[in-house]
Amino acid sequence: MTLALSRRSFLQQASATALSLGGGVLPAAAQRPITQVFYDSATLRHEPSGDHPESPTRLDAAMEGVRTLERQGRLTVAKPRPATEGEIVRVHTPEYVKLVRSEIEAGRRTLSTGDTEISPGSLGAALAAAGAVVSAVDAVVSGRARNAFCAVRPPGHHASQARGMGFCVFNNIAIGARHAARAHGVERILIADWDVHHGNGTQDVFWSDGSVLFFDTHQHPWYPGTGNADETGEGNGRGRIVNQPFPAGAGRDEILGAFRTRLVPAAERFKPELVMISAGFDSRAGDPLGKFTLTDADFAELTAVVVEIARQHARGRVVSVLEGGYSRDGLARAVAAHVERLSA
Ligand SMILES: [Zn+2]
């Protein structure tokens, strides 16, 4: 329903543009599917204490650039539906989901499985965050959207099947990938993770899976300690986990270089049908939780590399999911650069 509303507002906007250009007909470009951003204010009700870096204000920052592009008619913002418990347990154990629910309902302030603070609104927020990725997958795989960005929190890539940690409750991107496979029959999915921290949860979920190629650049040694280059998957997943650890101080040369020289050929062999991004912007220069030096222009170029992979192999289908990013201004600018490139 919300999707219908936002499509209507897009059409109104497109009509207004056409009228302002002096024509009564929609411009051809406006009739093609465009970038869609998924955002649900329920994700603001996850409220870690005090001056915790993973605060609701992060999403205000992330949405600044998005709203500007929306006003320019370059994307639409849609409200997703929350994920169902059935969608969550495609990734997480029923016992873990039960534990999350009971600990939030009991008023605990930290998940017993790890360093993730919780509040009374955290379950609704976590279901909304995972649901945004599910909704984005539906929109992109069905062709309603050209590509999508999910402005979500809590982040997800540290959450494994039975353990939330690192500010994460549910693994949003993994839930979206499983949804693409189960609901749409997508057989090969690339997940590229440029957050400064290793996506240990995503790696765990797809360790022996084989349907997902997981490519991760991250600072090492750094939280959470995993992500050595020799962690490459097992069984069906052998060779499908690609870790590129870099020391503090690494930036454009290392990370963009890894995307160009390792990810591009790996994607050429894997031929993904859907491309997903764990878009963490704590790898940006000046982030308080990382020591990488990427700039906003670098994020635009990383986006371009991934968009080109998707164009070559996956009919352009990209679903990008916000992970970290803890400098308010830095997050606003980096997301703007990323989403602008997605919508270009
Ligand atoms: Zn991070």
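The values are calculated or read from the model by the stated rules, or taken from the named source; none is laboratory data. These figures come from a predicted structure and were not determined experimentally. Don't worry about glycine lacking a Cβ; one is built from the backbone with ideal geometry, like all the others, and counts go over all protein chains shown.
Would you tally the residues in the range 293-310 being within 16 Å of the ligand (Cβ to nearest atom) and hydroxyl-bearing (Ser, Thr, Tyr)?
Qualifying residue count, the range 293-310: 1.
Please determine, by comparing only the residues of the range 156-182 that are in contact with a strand residue (DSSP E or B) (Cβ under 8 Å, 6 or more places away or on another chain) and either basic (Lys, Arg) or within 15 Å of residue 38 (Cβ to Cβ) (or both), which one is farthest from the ligand (Cβ to nearest atom).
My answer is 180.
Residue check: is residue 102 of a type in the set (Gly, Ala, Ser), over 18 Å from residue 279 (Cβ atoms) and assigned to a loop (DSSP other than H, G, I, E, B)?
Taking the combined requirement at face value, the residue does not satisfy it.
A quick yes/no check of all residues on (1) crowded, with 21+ Cβ neighbours inside 10 Å; (2) among the charged types (D, E, K, R):
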residue	(1), (2)
154	yes, no
163	yes, yes
173	yes, no
178	yes, yes
181	no, no
190	yes, no
194	yes, no
202	yes, no
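Hey, among the residues in the range 252-292 that are away from the ligand (no atom under 16 Å from the Cβ) and in a loop (DSSP other than H, G, I, E, B), which one's nearest to residue 132 (Cα to Cα)?
So the residue we want is 273.
In this structure, does residue 308 turn out to be at pLDDT 95 or above, within 16 Å of the chain's Cα centre (by Cα) and among the acidic types (Asp, Glu)? Don't jump to the end; show me each part of the working.
Values: at pLDDT 95 or above: yes; within 16 Å of the chain's Cα centre (by Cα): no; among the acidic types (Asp, Glu): yes.
Considered against the rule, which asks whether it is at pLDDT 95 or above, within 16 Å of the chain's Cα centre (by Cα) and among the acidic types (Asp, Glu), residue 308 comes out as no.
What residue, among those in the range 311-329 that are within 16 Å of the ligand (Cβ to nearest atom) and assigned to a loop (DSSP other than H, G, I, E, B), is nearest to the chain's Cα centre (by Cα)?
Of the residues in the range 311-329, the ones within 16 Å of the ligand (Cβ to nearest atom) are 320-328.
Narrowing further to those that are assigned to a loop (DSSP other than H, G, I, E, B): 323-327.
Numbers: 323: 6, 324: 10, 325: 12, 326: 15, 327: 18 Å.
By that ranking, first place goes to 323.
Which pairs turn up if I take residues in the range 177-199 that are at pLDDT 95 or above and look for partners that are within 16 Å of the ligand (Cβ to nearest atom) and basic (Lys, Arg) with beta carbon separation below 8 Å, at least 6 apart in sequence or on another chain?
Taking only residues 6 or more apart or on different chains, the pairs are 196/291.
Looking only at residues in the range 216-232 that are in a loop (DSSP other than H, G, I, E, B) and within 10 Å of the ligand (Cβ to nearest atom), which one is surrounded by the fewest Cβ atoms within 10 Å (Cβ to Cβ)?
Once the filter is applied, the top-ranked residue is 224.
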